[in-house]
Amino acid sequence: MQLLQQLQINDPFFEQKKIALISLYDVIDPELFVNIMDLGLVYGISFSKDQKILVTMTLSTPHCPLGEAIQAGVQNRILQDFPDYQVETQIVWDPVWSLDDVSEEGRKLLGMPPKM
C-alpha cells in the first residue's frame, strides 16, 4: 500500500500506475506464498509516452531460485491490463530488501509479529 500512497495525483500516468500497482498484488512469491507488494519487493513503476512500463523491484535474496518466475509473473499480470504496452522489470539490489520492508498485512500472512 505504501507505493500507492506515494502516487501523485498530478502525475500524467496516475491512473495507469494505480491500476498497475494494484494488479501486482496478484503476483505471489512462490516460496513465501505472499504477494510481492506486501513483501515490499516492488520499489517503483514508471510509464512512458511510447507505451513502455518499467517495474523497478528487488528479490528477497540475490540467489532467489524463482526470481525469473516472479519477473515473468509481474510482466504477465501487467500485460493483462495494458496489452499494448511493453513491460520490463529491472532488478536492483540497492536498497537491499529486508523483513522491515514487509507490510503489516504481509507480516500477518508470514506469521510475524506487528512492527513496533
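All of the numbers you see were taken from the coordinates with simple rules; none came from a lab. Remember, it's a predicted structure, so these values are computed and weren't measured experimentally. Don't worry about glycine lacking a Cβ; one is built from the backbone with ideal geometry, like all the others, and counts go over all protein chains shown.
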Quiz item: At what distance in angstrom do the alpha carbon centres of the stretch 1-46 and the stretch 101-116 lie from each other?
Solution: 17 Å
Quiz item: Once fully extended, how much extra length lies between residue 93 and residue 31, figured as 0.36 nm per residue of separation less the alpha-carbon to alpha-carbon distance?
Solution: 20.4 nm
Exercise. Sum up the lysine pairs in the chain that clear both bars: alpha-carbon distance under 18 Å and a spacing of 8 or more or different chains.
Key: 4
Quiz item: Could you give P(r) for the stretch 2-94, binned at 5 Å from zero, as whole percent values over all Cα-Cα pairs?
Solution: 2, 14, 27, 27, 18, 9, 3, 0
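Length gain on complete extension for the stretch residue 61 to residue 108, per 0.36 nm per residue less the alpha carbon to alpha carbon distance?
Here the segment from residue 61 to residue 108 would lengthen by 14.8 nm.
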Quiz prompt | Additional length obtainable on full extension of the chain from residue 50 to residue 9, 0.36 nm per residue less Cα span | solution = 12.7 nm
Exercise. Considering Cα pairs under 8 angstrom that are at least six residues apart, work out the relative contact order of the stretch 2-94 and quote it in whole percent.
Key: 27 percent
Practice problem: Round to the nearest 10 and give me the degree value, 0 to 90, for the angle of helix 14-23's Cα axis relative to the longest principal axis of the chain. | Solution: 40 degrees
Exercise. Enter the angle in degrees (range 0 to 90, nearest 10) between the Cα long axis of helix 67-81 and the first principal axis of the Cα atoms of the chain, meaning the one along which they spread out most.
Key: 40 degrees
Practice problem: Please state the charge dipole magnitude for the stretch 2-94, taken about the Cα centre, from unit charges on C-beta atoms (+1 on K and R, -1 on D and E), reported in debye and rounded to the nearest 20. | Solution: 180 debye
Quiz item: How do the peptides 51-59, 35-43 rank, highest first, by the average count of neighbouring beta carbon atoms within 10 Å per residue?
Solution: 35-43, 51-59
